[in-house]
Each structure stands twice: as C-alpha cells, then as structure tokens.
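The structure under discussion appears below in the form of structure tokens.
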Amino acid sequence: MWKEVYKEIKKYPTIVIARHIGVDPDAMASQVALRDAILETFPEKKVYATGQGSSKFTYLGKLDKLEDIDFSKSLLIVLDTPDLKRVDTSHIEEYAFKIKIDHHPFIEKFCDIEIIEDTTSSTCQLIAEFLYESKLVKTKEIMEKLFQGIVSDTNRFLFSNSRASTFHLVGKMMEDYSFSLDTLYEPLYLRPLREVRLQGYIEQNMKITENGVGYIHITEDVINRFKVDASSAGNMINNLNYIEEVLVWVTISEDNKNELIKVSIRSRGPEINKIAEKYHGGGHKLAAGARVKQKEEIDFLLKELDEACQEFIEGETL
C-alpha cells in the first residue's frame, strides 16, 4: 500500500498535507513530519502543511499558508481525519489526486487512495511505518516529532491502542535515533500554573450522572477567570482517567470566539464515537469529540452518554 502512496508523492510537484479541525499533537506532528520528509527527499517540490494551528504546539514546528496553488495539478494528503466535513482545508474537490491516511474507524470515502488502520495507535505511527518502508528520507528531528505524536495519542502508552506493533516500532525508533526522552516529554506535559489551577477547579466541580458520566461545563467566565482558552480546557480530558465512579468523562468548553461549544469525551468501556458523530464530531470508540452550537444539545448528548453507560453496566452484569 505504501508503494502507491510514494508513487503519487513522487509524481506531483505541489503537495498539500491537511488534517482535522481542532489540531492535536498526533495530527500536527504527522503532517509536519511527512512534509519535512518529502522536502528532505525532493527539495524541488512545494509541500505545505496546512490548517489552523495552536500556540500550544509550536514545539512541533510551523504550519504553512497556501499561496498561488493550482489545485488541479496538486496532490492532497489528508491525515488523521475520517470524514470530509472535519478536514481543515478548502478546495478539497479541486485537487488532481487525494490520499487519506488515518487510524480512526471508517466513516466515509472521499479520497482516491485510503489507508485506514483503526487498530493502530496513531497517525504518527502510520507515518513512521511509511517512512521505514519507503525511500523517503528520515532524520532525527522528523522521527522525534513522530515519537511525540505517538506518545500523545497513547497517553504515554496507557491506552489500549498501544499494541505490540507500537512498542516494536517505538523501540526501533529509539534505537536508531537515540532520543532524549526528557527533552521530548517536557513540551508535551509542561503546563503553566493557571492550567494546573483550572485542573483543580475541574476536579472540584465535576458532576456525575446516575450511570457514571462525569462532566464539567467550563463556561466563558471560568475560561477568563483562569486566563486559558477553550482548547486548553478541553485538552485536560486525559487527566480525568481512572476515577472509580466514572465510566465516561466529558469536558464541555465554551468557545465564544468561534461561536461553538467544544466537547471532549473519553470512556473506559461504553462506545462513544457513534454518539459524538450525531453532534458534529466523531473519533475512536473510547476517545471522541464533538462541536455543538446550541447549549440545549449538551443535555441530549449527556443523556445519550448516560444511556450508553447504563447499557454497558447491564451488559457487564449479565
């Protein structure tokens, strides 16, 4: 499968690499690493990593602005995105050829070549495998970015998406490139004091439904009080793992600037991605997100999650 991807990369003089809206380390690291690998191999090409960035992830590199591109003669590579509506770029239908590389469950086909491995830990793992199996140039800096993306999407290998293939690949990467783990982990987990204090607020004010949905509504007033942004609040979702009384946990963050409400959802059993898809989102079975416009939708979302928990509990007790 990778031979076909490499063949198309080699063919096109202009390549745009996109990913999903609401950037995270796996999405950004995979697109920046792939861009840099292509440019190291084919310096004459124009290669762009595009999408709205985040100041939190500047340690992964810089994104590009699209300028003077003839889309009809260009290749689009979409990473870490299962459905068309969540791709963070424009003119998608105008590209000469499109490739999707993703580790989410399949939702819809919108590219000419689609490589979907939904049991793989991360898109960064897929890109690392591609680099090892193709003629694209690898550098220590490129492989470090991919390592950081894998670490982020597995939550330091705590999630069940960390499989034998993940550890085998990471072991090879560490052996080949002698990573300094302290240097790579620090930007992933270093946080300002205001976010630590917000974390305390979240833990103190979380509500729990009858069937084990833990949720916190982070209003614009709370965001302003702690001087954070809606993305920072949502990114704290993984800090709520392993609460005994909670099966599904949710952060609900108001983003008045973009006139929407960002919802991050995690689970220790009930499948949540199909529910998230109903609310303009999606993701993995146990890790998903949604974006809603109306506060009333949140009540319906929480109700569906609570029902999913109830069904899961009843299934466990049979």
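Here are some residues: Glu254, Glu244, Glu271. Which one is surrounded by 19 or more Cβ atoms within 10 Å (Cβ to Cβ) and acidic (Asp, Glu)?
The match here is Glu254.
Starting from the stretch 187-198, take each residue that is of a type in the set (Lys, Arg) and list its partners that are surrounded by 12 or more Cβ atoms within 10 Å (Cβ to Cβ), counting only C-beta distances under 7 angstrom and pairs at least six apart or across chains.
Arg194/Phe226; Arg194/Lys227; Arg194/Val228; Arg197/Phe226
Closer than 18 Å to Glu8 by Cβ and not acidic (Asp, Glu) - does that describe any residue in the stretch 62-71?
Checked the stretch 62-71: at least one residue is closer than 18 Å to Glu8 by Cβ and not acidic (Asp, Glu).
Please specify each residue of the stretch 164-178 satisfying the condition of being part of a helix (DSSP H, G or I) and small (Gly, Ala, Ser).
Hits for the stretch 164-178 are Ala164, Ser165, Gly171.
Is one or more of the residues making up the stretch 183-194 in contact with a Phe, Trp or Tyr (Cβ under 6 Å, 6 or more places away or on another chain), basic (Lys, Arg) and closer than 30 Å to Phe226 by Cα?
Yes, because at least one residue in the stretch 183-194 is in contact with a Phe, Trp or Tyr (Cβ under 6 Å, 6 or more places away or on another chain), basic (Lys, Arg) and closer than 30 Å to Phe226 by Cα.
If I ask for residues that are more than 19 Å from Asp102 (Cα to Cα), within 20 Å of the chain's Cα centre (by Cα), surrounded by 15 or more Cβ atoms within 10 Å (Cβ to Cβ) and in contact (Cβ under 8 Å) with a residue 40 or more places away in the chain, which ones from the stretch 155-185 would you list?
Leu184
On the given criteria, is Asn205 surrounded by 11 or more Cβ atoms within 10 Å (Cβ to Cβ) and in contact (Cβ under 8 Å) with a residue 12 or more places away in the chain?
Judged against the criteria, Asn205 is not a match.
Condition test on Val228, is it among the hydrophobic types (A, V, I, L, M, F, W, C) and part of a helix (DSSP H, G or I)?
So Val228 fails the test.
Give the residues of the stretch 247-299 that are hydroxyl-bearing (Ser, Thr, Tyr) and under 18 Å from Arg86 (Cβ atoms), sorted by residue number.
Result: Ser253, Ser264, Tyr279.
Specify which of the listed residues (Lys257, Lys227, Lys262) is at positive phi and assigned by TED's automatic domain parsing to the domain that holds Leu198.
One residue alone meets the criteria, Lys227.
The values are calculated or read from the model by the stated rules, or taken from the named source; none is laboratory data. Bear in mind that the values here come from a model prediction, so they are computed numbers and not experimental data. When we count neighbours, we look across all protein chains shown, and the Cβ atoms used for this are built from the backbone with ideal geometry, even at glycine.
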